[in-house]
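Below is one structure; the comments refer to it alone.
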Amino acid sequence: MASELCKTISVARLEKHKNLFLNYRNLQHFPLELLKDEGLQYLERLYMKRNSRTTLPENLAQKLPNLVELISVNLNSQGLSLGISINFLMFYL
């Protein structure tokens, strides 16, 4: 994971951010650093616009229990993928 991304996540963990912006970082995979420990359990909104990742971890709802919104808009070779609400995800997890 790039050092800038690690720093952003570490600051969010230490300062107990409710919103985390990971837009435009060309992420290929969901940053598993977000799911480590219990440090981001208060996170409510995660913004991940314009990244390359296509899947979400199965344990996302368990690891980020207060997450109510996941914003993700991706443009890839298959077209446009719009954001989804984590409330919708939790219903199916």
_In segment 32-57, residue surrounded by the fewest Cβ atoms within 10 Å (Cβ to Cβ) [restricted to those that are among the acidic types (D, E) and at pLDDT 90 or above]_ = E44
_I'm checking my understanding of the structure. Among residues of segment 11-30 that are at negative phi and of a type in the set (F, W, Y), which one is modelled with the lowest pLDDT?_
F30
*Would you check which residues across segment 3-32 are without any contact (Cβ under 8 Å) to a residue 24 or more places away in the chain and in a loop (DSSP other than H, G, I, E, B) and list them?*
E15
*Could you say which residue among I71, I86 is at pLDDT below 85 and under 11 Å from the mean Cα position of the chain (by Cα)?*
I86
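The values are calculated or read from the model by the stated rules, or taken from the named source; none is laboratory data. Predicted, not measured: the structure shown is a model, and the values here were computed from it. Please note: Cβ atoms are built from the backbone with ideal geometry, for glycine as well, and neighbour counts cover all protein chains shown.
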